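Trainee: Please see the structure below; I have some questions.
Derivation of every value follows stated rules applied to the coordinates shown; laboratory data play no part. If you're wondering where the values come from, they're calculated on a predicted model, not measured in any experiment. Neighbour counts are summed over all protein chains in view; Cβ atoms, including those assigned to glycine, are modelled from backbone coordinates with ideal geometry.
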Amino acid sequence: MTKKSMHIGLDDTDSPRKGCTTYVAALLVEKLQRLGAEFIDYPNLVRLNPNAPWKTRGNGALCLRVQYNESDEQQIKQTVISTVEEHADLQCKGTNPGIVFFESATIPRKVETFSKNAITGIVSLSEAFKLLKNVGAEAVGFKKCRGIIGGLAAIGETFQRDCTFEILVYRIPENRGSKRRVDKASIVEMDKATAPYTFNNIDWEEERGLITPRGPDPILLGIRGESPDIVRKAFEIVKPLEPVERWVIFRTNQGTDAHLKLVKQLSQIKPYNPVIAKGTVAANPKIIPRRHVIFSIKDESAQVDCAAYEPTGFLRRVARKLIVGDYVEVSGAVRVPSQEHPSTINLEKIRILRLAPKIVYQNPLCPKCEKRLKSMGKNKGFRCEKCRSRYTDLGKIEIRVKREIKKGLYITSPRSQRHLTKPFRRYGLEKLQTSSKELIENWHFP
Ligand code: ATP
């Protein structure tokens, strides 16, 4: 019997107090396989625009891609709907789950474009409904149905440019909400054994493990890396000190910079959009309360503020040392302007393209005794305190001081990186043209 293919998109099942859509997907891996469905790719964890105002945490949407016998179709769909119903926090006002079923062997270009727009900008529910109709996909929505946007966007991410993998490990229900217990030394050992093919395991600046999230969700830990094999190997090294309910390897767009879109001119930046923009530093950095650093850049079209917040650590220290005239490329999300603040780019990265000379002016030396002269006031000349000579024809001397920063790329510290931010470790490891390949044997448990 020939098999049919279906892409199942899911989103918006969780709330700040419980749940996680990746967990619903992990449950469905077990359930759908029991129904005879065969996974044609790892479950996809697609991070959408990190600045979308409706997100709960990391704006993750999920897609399961399966092949199945036509006779199982209704049962597969029913299982997906009832699992979402059972595990979504429907009482929470902001939780509006959505499920999309798309029966097709291939993904139309329009759905890929919709996905790209949801990752780099803002899309509307009416656009999603139009597209569903246009491509003949089916959707099930709860309450305001907003999750249908994420469900469709997850289906449309085909990872043509780059992708990474994450093994997500889940806690047993009785432990959820309590402090996560994982042996710290084993995280360090894992990082050393798998570098550079895993990333963001540890923030060395604060010596803090990053694989365990905070909050009440069911995730015990997540390890990110370049291949399914490496994340599974990494998990074999890490020692959880509490029982594990299940684990699944996901294909993701995390750590790929997929959210950043180049704008040609500063006048083109729009609120909520993550951008890459170039400009000349137009005002020296200032430190505002809570130790955030703000500077502005300009081009021929506009001037815009850039902010490096305190938790960006390393990036903030670099931002402080910029001066007027430096030419930079900045990456980050555009914050909505308010009455107090203009549109501001919240920085994730700064690439210093050109450093302006830093000049300081000093009083000249006394031509007779070589002591540094004292100024007698603006345009009034200089006098020597030692030999008492006066000079009205000497001017200040220009001194070029060594800059404390170099040209190059600077990225926010790992603890404040967005899920989508490409970390240093991944530069040079990008995968072009990622097509679905055969899955490794053990990619999930149970
Ligand atoms: P978690 O990462 O913990 O699963 P979350 O941060 O993904 O939670 P959701 O609960 O999924 O947050 O809520 C995000 C909502 O915003 C979803 O309904 C999704 O469809 C919608 N959404 C996501 N990206 C966009 C976008 N670019 N434009 C419009 N709506 C979006």
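Trainee: Skipping prolines and chain starts, which residues have an amide H placed within reach, meaning under 5 Å, of the one on Val182, given they are 5 or more residues away or on another chain?
Mentor: Leu241
Trainee: Looking at the P(r) of the range 200-292, how many percent of alpha-carbon pairs lie beyond 19 Å?
Mentor: Result: 64 percent of Cα pairs exceed 19 Å.
Trainee: For the Cα atoms of the chain, what angle does the longest principal axis make with the long axis of helix 109-120, in degrees from 0 to 90, nearest 10?
Mentor: 50 degrees
Trainee: So for the chain, taking the charge dipole from beta-carbon charges (+1 Lys/Arg, -1 Asp/Glu), which of Asn442, Gln303, Leu220 sits furthest toward the positive end?
Mentor: Gln303
Trainee: Which is farthest toward the positive dipole end of the range 3-158 among Ile40, Thr120, Thr22, measuring Cα position about the Cα centre, with Cβ charges +1 (Lys, Arg) and -1 (Asp, Glu)?
Mentor: Thr120
Trainee: Which value in nm describes the separation of the simple spin-label points at Val401 and Arg181, placed 7 Å from the Cα toward the beta carbon?
Mentor: Simple spin-label model gives 5.4 nm for this pair.
Trainee: With n ≥ 4 as the cut-off for DSSP H runs, can you work out [θ] at 222 nm for the chain, using -39500 (n - 2.57) per run divided by the number of residues, rounded to the nearest 500?
Mentor: My calculation for the chain gives -6000 deg cm²/dmol from helical runs alone.
Trainee: Tell me which chymotrypsin sites (Phe, Trp or Tyr not before Pro) from the range 179-246 have a DSSP coil assignment and no more than 15 other beta carbons within 10 Å of their own.
Mentor: Passing sites in the range 179-246 are Trp204.
Trainee: For the chain, with a Gaussian network of springs between Cα atoms less than 10 Å apart, report the residue from Asp72, Asp326, Asp89 with the top mean-square fluctuation.
Mentor: Asp72
Trainee: Here's something else I'd like to know. Which of these, Thr392, Thr13, Thr252, has the largest mean-square fluctuation under a Gaussian network model of the chain (Cα springs below 10 Å)?
Mentor: Among Thr392, Thr13, Thr252, the largest mean-square fluctuation in the Gaussian network model of the chain belongs to Thr392.
Trainee: From Cα coordinates alone, what are the radius of gyration and Dmax values for the chain in angstrom?
Mentor: Rg, Dmax (Cα atoms, Å): 27.2, 106.
Trainee: Could you pull out the trypsin sites (Lys or Arg not before Pro) across the range 24-63 that fall in loop regions by DSSP (anything but H, G, I, E, B) with no more than 15 other Cβ atoms inside 10 Å?
Mentor: Arg57
Trainee: Still on this structure, please answer the following. Put +1 on the Cβ of every Lys and Arg and -1 on every Asp and Glu Cβ in the range 359-401; which of Cys366, Cys387, Val401 then has its Cα farthest towards the positive end of the dipole?
Mentor: Positive-end residue among those listed: Cys387.
Trainee: When all alpha-carbon pairs of the range 122-252 are counted, what percent fall beyond 27 Å?
Mentor: Looking at the range 122-252, the distances longer than 27 Å represent 37 percent of pairs.
Trainee: Right, here's the next one. Using all alpha carbons of the range 264-419, what is the percent of pairwise distances in each 10 Å bin, ordered from the shortest bin to the longest?
Mentor: With a bin width of 10 Å, the distribution comes to 11, 32, 22, 14, 14, 6, 1.
Trainee: Calculate the dipole size of the chain relative to its Cα centre from +1 charges on Lys and Arg beta carbons and -1 charges on Asp and Glu beta carbons; express the result in debye to the nearest 20.
Mentor: 3360 debye
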